[in-house]
Every structure is written in C-alpha cells, then in structure tokens.
1. Tell me the relative contact order for chain A as a rounded percent, counting alpha carbon contacts under 8 Å between residues six or more apart.
2. Charges at C-beta only: +1 for Lys and Arg, -1 for Asp and Glu. How large is the resulting dipole of the stretch A:272-339 about its Cα centre, in Debye rounded to 20?
3. Using a 10 Å cut-off around each Cβ of peptide A:232-243, what is the average number of partner chain Cβ atoms that fall inside?
4. For the stretch A:219-339, what does the alpha-carbon gyration tensor say about shape, rounded, prolate or oblate, given a ≥ b ≥ c as the root eigenvalues, a/c under 1.5 as rounded, and a/b over b/c as prolate?
5. If I build a Gaussian network model for chain B, linking alpha-carbon pairs within less than 10 angstrom, which residue out of B:ASN277, B:ASN47, B:ASN248 has the largest mean-square fluctuation?
6. Just counting partner chain Cβ atoms within 10 Å, what average do the residues of peptide A:310-320 show around their Cβ?
7. With a ≥ b ≥ c the root eigenvalues of the C-alpha gyration tensor of the protein assembly as shown, is it rounded (a/c under 1.5), prolate (a/b larger than b/c) or oblate?
8. Work out the mean other chain Cβ neighbour count within 10 Å for the residues of A:77-90 and drop it here as an integer.
2 protein chains.
Amino acid sequence: MKTLFKLSIAALLATNLFANPLVQEAKKAGLEPIPADDKALEKLIDNPKNKLTPEKIELGLKLYFDPRLSKSALISCNTCHNLAIGGDDNIPVATGHKWRQNPHHLNSPTVYNAVFYQRQFWDGRSPDLEDQATGPIQAPPEMAMHKDMAVKVVKSIPEYAEAFKKIYPKEDITITTIGKAIGAFERILVTPSRYDDFLNGDEKALSKEEQEGLQTFIKVGCASCHNGVALGGSMQPFPVAKPYKYANVGDFKGDKDGKVKTPTLRNVAETAPYFHNGAVWSLEEAVKIMGETELGKDLSDKEVQSIVTFLNALTGAKPQVTYPVLPNSTKDTPKPDLN
Amino acid sequence: MKTLFKLSIAALLATNLFANPLVQEAKKAGLEPIPADDKALEKLIDNPKNKLTPEKIELGLKLYFDPRLSKSALISCNTCHNLAIGGDDNIPVATGHKWRQNPHHLNSPTVYNAVFYQRQFWDGRSPDLEDQATGPIQAPPEMAMHKDMAVKVVKSIPEYAEAFKKIYPKEDITITTIGKAIGAFERILVTPSRYDDFLNGDEKALSKEEQEGLQTFIKVGCASCHNGVALGGSMQPFPVAKPYKYANVGDFKGDKDGKVKTPTLRNVAETAPYFHNGAVWSLEEAVKIMGETELGKDLSDKEVQSIVTFLNALTGAKPQVTYPVLPNSTKDTPKPDLN
C-alpha cells in the first residue's frame, strides 16, 4: 500500500501536475527541454546504429576540423558550420570550393542541436547526421571532394586508419564510416539554455518578460512548427498563408511536397541571416514574416518584440572544444587541388 | 672563498664546459633551445612594447579565429595559419578572398615559433608579429578587409570593445591595436621538442640517428642560416651557389637586396610544401635543393636522409587551445561582402 502510494506520487510528479502552468502549457504545445539528467540526454542524442563512444567522438571532432577532407584542403565542416559563431557561417548563402555559392542560394544551417532534427538538409532528404555529413564533403560548391579521395586521405594517415580500425572493426573505411564518425561528434553539440532550466523546473530561470514571450510564442502559434527539443526539425509546408516575401532569392522550392525543414530556434540570436535563403538579417523582421507567411497573422510590434525577447533566451552554453592537433599527412596523402 | 668557488662552478656550468660535445658544437653553430625555464621563455617571447597578459592573449586568440575580420566573414588568420595542421595551410600558394592566389605565388608560412624570427614576411618587411598581423587582414588576396571595416567590426561587438578598452586604455581601437592583440596571442605559439630537451641537457632526448643528423646538419653548413631559437628567421641571400631549381614558379625575388627570410625548421615535417613558392613537397628534395642552391654542395643520399631524420625531431608539442566561442555580432556589425 505504502509502495503503491509512493509510485502514484512519482507518477503525478512525472506528469507535471504540480508544474508551473506555463511549463504545462509549453509541454502541451509540444515544447520539450534538453534533459537536465545526463543519462537521459545521452539516451536522447545516441544513435543505436552508431553508438556514442569517447573514441568515436574524438575521431569525429578531428575529421570535423580537418580541411584535408576537401578537394582544396582549405575547407572543413567547421568552415560553414563554425562552432565559434553559432555553428553556422553567418553569411547569406553557403560558399565553398572555388568561392562557389550554393546554386539554390541556400543558407548554411547551424550544426548545434541538429541532432534533435527529424530530418537533415533544408529539403529533409537525409535521415540523420551520419548520413548528412557525407553530403557537403562531396558537394561541388562545398568541399568538392570525390568520396574515393576522402577515403584515400583518411587511409593515408596512419593515426586515422588505426582509429577507424579500432572503432569500426567490421567495416572498411568508406565515406559512410567517415560520415558516421563526424555524425557522432555532431551529436554532442547540444546547447542547454535558461529555457531548458525553466522547462526542467527552475521557475526563475526565465525573466518575467521572457516568460511572457514564451506565452506569446505559444499563443500566436509558432510552436505548431517550432516544437520538440529542437524547436524545429520537422518538415512543414512553406509558405502556408501568404507568399514568402523573399521567395525570389534563389530557386529553392522545398521537397517534392513543397515542405521545408523547420530550422531550430536554439541560438537563433547567433545565426543570422535567416530563412533557407538567408534573405533576412533582423530577427524582428524574421518573426514578422513568419507570422504573415506561415500563420497568416499580422503580428503587432509588441508581439514581435515579446517573441524576440523569448528567442534571445534560447542562446545556450556551447560544449567546450579543444582545437585539435591533427595527425600529419604522409607521402600517400592526395595533394590539394584548388581547381 | 667557499662562495667564490661555488660561483665559479656555477659559471662553468653556465658556459656548458661540462656539456655534451654535440650540444657545445650546436651552440657554437648558433643553435639555441627554447628555454626549459618558464620565466626565461616568457622573457624571450614577450614584447616590451606590448607586454603579454592573459587578457591580451585571450582577446588575441578570439580575433585570430574570428572570420569577421575578413571582408567575406569566411576567412580568419587561422584559415591560412591553421593551428591544427602545423600552423600553416599545407597548400602551395596562399589562397584567400574570392579564391584568389597570392600574386607572387607565395606560400603561407607557419605561425608556430614565428615569435623567434628577426623579421616577418618572406621579404622581411615587417619587424614583429604585432605589425605582421595587420597585413593579411588587409591584403586583397587574403582577408581583403579595409582597416576601417575591421575596426568597425570590433567596435560593433561590445565584448570586444570592452576588452580593448580594458587592455589598451590609452589607445583607440585601430588596426594597430587589433594587430597587437593578435600578435600577443601568436607569441605564445611555441612548440618545444625533443631537440630542445637535448640542448637543455637531456642527452637521451635525441636518438643516436637524430644526433648524427644534427651533426650532419651542422657539418654541411645548414646552421649558417638555420640558427637561433627558430632555426631560421634572419634575412639571407637566396640563391647563393646555384639558381633555385623552381625559381620560375611565381616572381618573388626577395627584398631589395635579393634576401629572403629563412623559414623556421621547427615542425618542418608538418609544413610541406616547401620554399617561398611551395614548389617542393618532399622534405628530402627540399634538403637536397638547399644543399645545391645555398651551400653549393651535392649532398649524398645518406647525408640528406640523416638531416631529414634530425628535422623530424623538430616536431614539437603544440600549446592546447580551446576553440573560442566568439561574442555575437550586433546590428552595427558590417555585413559580409563576398565580392
């Protein structure tokens, strides 16, 4: 009887019956925190098919920063998804090999918290980070590397070759295993913020104004797409209510159903310019446009400001990364090709 | 009397009368170790006009990695002087803004141990790291930034503006103070190696083969230019004995007297391709060419191999660098310009 009572109390607590009403409202709207508990977080970010281990993360970190995975040997994953500046490049259109721009004028999305996405890339064509990481390495306007050359680079560097053998003993080194190692590193790039503290029970973690902003965010309907742990990450129709104001910048039309991957709002204050085509620099303008385009609402300046106040609270703490000292090239390492 | 005796023993030790004969020979040839003593090292790398402080180094580190100091906001000091891969870019010719190559086909030199140079740049036109750092920021084929825009970027970011005010209270933020902060960070980029341990008294730090290599290095005359702590860093005539085999790659002719800044040999195994025009990938070939060009000697394969064995022992331990999380841009931060 006593045990049963204890259990029901635990169940009640788990369902947040005693939680702050705004927290309840947020959770009802589909908003979820980054778990405060390390084990729960680890479970959430792990990939059963590519289990996280310290060695794998360390190898992925090195490859993430290694420019030799690009044709020119000048561009690394970190060039466009720069961990120093919000996990992206802060320029309107992704620019890579030979200074080429993305042909659809697509903006580099942030790598931070991308682990929480349901799909990867703006058109959602990739299921996870491991698969995604193999794309930009090979894309001609990005790192422009032939996959066989990427493998050759890795195999030519004994420290890498040995690490792969140890970590993936049953698999050859391929662009797939390279993507798996990089994806593993990217999985740990999560940035807990005061917003998470608030949803996890610390009522004072957000100021009164930020809480009002969260309320407005939910009330006007932002959370209908920007939900889950990422506050984004699902495929959604775009535009819905009115044409997107800058639809003429580039020719991106979304996936085959016209859906676009909803970007995360975490660290959004650090990831201007906004939208798939990087057409808007101001967060206020971005919020206003989303109100019109997706919700069919002409948000007041006060509502916009309130939402932006909340969005600023989504800037999170970045994991500390030691800049790697990479293993040396050998005579067998393919030479850079700037052309 | 007792004190005097003690003093003379100390003096004898200081003059290395009891040192290993090869160490004595090396010192006689002008080779100097990175001091093992922290205070002595600090004194050696410090700049009386820009005293090292932790705050200054921290600010310089951030600026070193900050791509917003370039016109495109894509290129940082670290792009071409990459601390992950020997402190340079490992491509033949420096490539920067709009994928432009250095017009004289000059190779990016390593930033590691550049503090020990007498002059900076291949033509020695700059006296120190603080001055040097202002060059690539503004050079059109490198970061291509107008100095006023670099200042505007820094001033637009409150954390930077406050740091400069605190560190250089009597100076306005200018390209000069930006260079001073970056230069301060670069001063700590020294890489002690087993070679230094050997010169500092640990006779077993170098293998027998490496010691023989050092002997050969001195005997054939390499140390006549590659000396000092940097094993390089002074302005020297080039070529001396025979024309440089790849003189036709680019049009660099040295300074007004035809002198070229001798590059450091520290970490040389990590900084291929070699020479001012990056024309040679193999360290063996580079040594052979230097024998011909500078010393007028046709070094035997055995001599070349012995010298290369020694050069490999110059790969040093890199300082651990935490990849910075940079302060956010503001509405006043100039927008990137990819053109």
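FYI, it's all coordinate maths here, none of it is from the lab. Predicted, not measured: the structure shown is a model, and the values here were computed from it. No Cβ is skipped: glycine too gets one built from the backbone with ideal geometry, and neighbour counts run over all protein chains shown.
1. Values: 599 pairs, mean separation 80.9, N = 339.
It comes to 24 percent, rounded to a whole number.
2. On the way: 6 positive and 9 negative charges, 88 e Å.
Taking the Cα centre of the stretch A:272-339 as origin, the dipole is about 420 debye.
3. Details: counts 0, 0, 0, 0, 0, 0, 0, 0, 0, 0, 0, 0.
Taking all residues of A:232-243 together, the mean is 0.
4. Working: a/c = 2.57, a/b = 1.70, b/c = 1.51.
The shape class here is prolate.
5. B:ASN248
6. On the way: counts 0, 0, 0, 0, 0, 1, 0, 1, 3, 2, 3.
Across A:310-320, the average partner-chain Cβ count within 10 Å equals 1.
7. Numbers: a/c = 1.98, a/b = 1.87, b/c = 1.06.
Cα axes put the protein assembly as shown in the prolate bin.
8. Working: counts 0, 2, 5, 1, 0, 8, 5, 11, 11, 4, 0, 0, 5, 9.
Across A:77-90, the average partner-chain Cβ count within 10 Å equals 4.
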